[in-house]
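Okay, so here's the structure we're looking at.
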Amino acid sequence: MASLAGRLSRALFLRNSATLSRNTGSKSVNATGPTLSRTAVSTTSGAVPPKPIKVPFGLTRMVIVVIPFLYVGNLISKHFAALLEEHEIFVPDDDDDDD
């Protein structure tokens, strides 16, 4: 089981590293295989790639997703802290300043 997991993680690592590495080999005009990397400015033929697709209301969607999950996480942590305090597992120390 462990060797299978090791082989799978190694294969996944090798595939990802090949995809993320720069294509430093010779650039032939008649290349038959797919190019593993894409430059941001131009394609292999020198053409400018098309504009990326813009997601409408991207920032608004992000806020709509992030705010509720932050609120839910806040509620969970607050109730868990109260539970720990109730069962006296974790009670914060009150420092008395009697100077």
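The values are calculated or read from the model by the stated rules, or taken from the named source; none is laboratory data. For clarity, every value in this text was computed on a predicted model and none was experimentally measured. Cβ coordinates were reconstructed from backbone atoms using ideal geometry, including for glycine residues, and neighbour counts include every protein chain displayed. With ligands, DNA and RNA removed, areas are computed over all heavy atoms of the protein, side chains included. Shrake-Rupley method; radii C 1.70, N 1.55, O 1.52, S 1.80 Å.
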Some residue of region 50-73 being modelled with pLDDT under 85 and at negative phi: yes
Name, by its number, the condition in (1) assigned to a helix (DSSP H, G or I); (2) open to solvent by less than 100 Å² (accessible area, probe 1.4 Å); (3) at pLDDT below 95 that does not hold for Val91. (1)
Can you go through Leu8, Leu36, Leu12 and tell me which one is in a loop (DSSP other than H, G, I, E, B), surrounded by 10 or more Cβ atoms within 10 Å (Cβ to Cβ), of a type outside the set (Gly, Ala, Ser) and modelled with pLDDT under 75? Leu36
